[in-house]
Amino acid sequence: YVTLRIKYSLIETFNTNLIRQLINAKWQFISNISHGKILNSVNRETNALGDCMGIICLQIASILKFLLLISFPTLLFPRFMVTLLLLALLFLIPYLFLQKISYSLGARTTSTANIAMSSLNEIIRSMRLIKAYVKVEEVVSDYRQKIRAHFKVAVVSHTLAAAIFSSYQVLGVSAIVITTIIHKNLLLSEISI
């Protein structure tokens, strides 16, 4: 509940500040900016910003939960837990490199979404002219290329994010198994703790 309240409060603040700044902007800025970019920013990016704030809140809660859950086994089996945590940190090193790739893909996803939204906005604003000059197929084909370019980047970006997320459990279990092999004299009950 608190996470969702923070998320939507942030979106509200961001959107109202954006509208205020757009209305107060100089005419030169207003005439040069794409309506599609504004629409995409308001619709897509502000929701992403709110989702990020929600994720940050959930991460803080997860970190606190992790610290609480790890304190008991660390007190009972400090060597085992130190080995496990060092292995887990070692497994996380590749994620530092994937973070750069993910950021780059995210930026490209936003850029292609802006282009597709701008194109859609222009089509909607110019529908009568498009229909009058019988340019329907040409316009649809152009829009299809732009939306496909966006989806192509978005699919790669989301697939990478899902792969990173789903591999955490595999690496965690691997760290536990390797640590168990290193500390051979532990009982099964001790490993489960």
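Return the loop-located trypsin sites (Lys or Arg not before Pro) in segment 14-83 (DSSP other than H, G, I, E, B) with at most 12 other Cβ atoms within 10 Å of their own Cβ; answer none if there are none.
Sites meeting the loop and neighbour criteria: K26.
Given 5 Å bins starting at zero, what is the percent of C-alpha pairs of segment 80-156 in each, up to the one with the largest pair distance?
Taking all Cα pairs of segment 80-156, the binned fractions are 3, 14, 15, 13, 11, 9, 8, 7, 6, 5, 4, 3, 2, 1, 0 percent.
Counting only protein heavy atoms and a 1.4 Å probe, tell me what percentage of the chain's accessible area is made up of carbon and sulfur.
69 percent
Just to check, using Stokes-Einstein with a Kirkwood Rh over alpha carbon pairs, what's the diffusion coefficient of segment 51-111 at 4 °C and 1.567 mPa s in µm²/s?
On the way: Rh = 14.2 Å.
The Stokes-Einstein estimate is 91 µm²/s.
Just to confirm the number: angle between the C-alpha axis of helix 136-182 and the first principal axis of the chain, 0 to 90 degrees, nearest 10?
Helix 136-182 sits at roughly 10 degrees to that axis.
Quick one: angle between helix 78-125 and the longest Cα principal axis of the chain, in degrees between 0 and 90, rounded to 10, please.
10 degrees
What's the extension gain from L160 to I93 if we count 0.36 nm per residue and subtract their Cα-Cα distance?
22.5 nm
Using Cα-only point scatterers and the Debye equation, what is log10 of I(q)/I(0) for segment 14-128 at each q in 0.13 Å⁻¹, rounded to two decimals?
Results for segment 14-128 at q = 0.13 Å⁻¹ read -0.75.
Please go through the residue pairs K26/K152; K37/K152; K100/K184; K7/K146; K100/K152 and name each one whose alpha carbons sit more than 27 Å apart in this structure.
K26/K152; K100/K184; K7/K146
Select from segment 92-193 those chymotrypsin sites (Phe, Trp or Tyr not before Pro) which occupy a DSSP coil region and have at most 14 other Cβ atoms within 10 Å, ordered by residue number.
Answer in residue order: Y133.
Just read off the accessible area of M127 with the full protein assembly in place, 1.4 Å probe, to the nearest 10 Å².
M127 exposes around 110 Å² with every protein chain in place.
Taking every pair of Cα atoms in the chain, average 1/r, invert it to obtain the Kirkwood radius, and report Rg/Rh to two decimals.
1.16
Treating cross-link reach as a plain straight distance, find the aspartates and glutamates whose alpha-carbon is under 18 Å from the alpha-carbon of K131, omitting any fewer than eight places away in the same chain.
Qualifying aspartates and glutamates at Cα under 18 Å: E122, D142.
Which value in deg cm²/dmol, rounded to the nearest 500, describes the helix-derived mean residue ellipticity at 222 nm for the chain, given -39,500 (n - 2.57) per DSSP H run of n ≥ 4 and division by the residue count?
The helix-only estimate for the chain comes to -31000 deg cm²/dmol at 222 nm.
The values are calculated or read from the model by the stated rules, or taken from the named source; none is laboratory data. Note that the structure is a prediction, hence the values are computed from the model and not measured. Positions of Cβ are backbone-derived with ideal geometry, glycine not excepted, and every protein chain shown enters the neighbour counts. When the accessible area is computed, the model is the full protein with side chains, heavy atoms only, and any ligands, DNA or RNA have been set aside. Shrake-Rupley method; radii C 1.70, N 1.55, O 1.52, S 1.80 Å.
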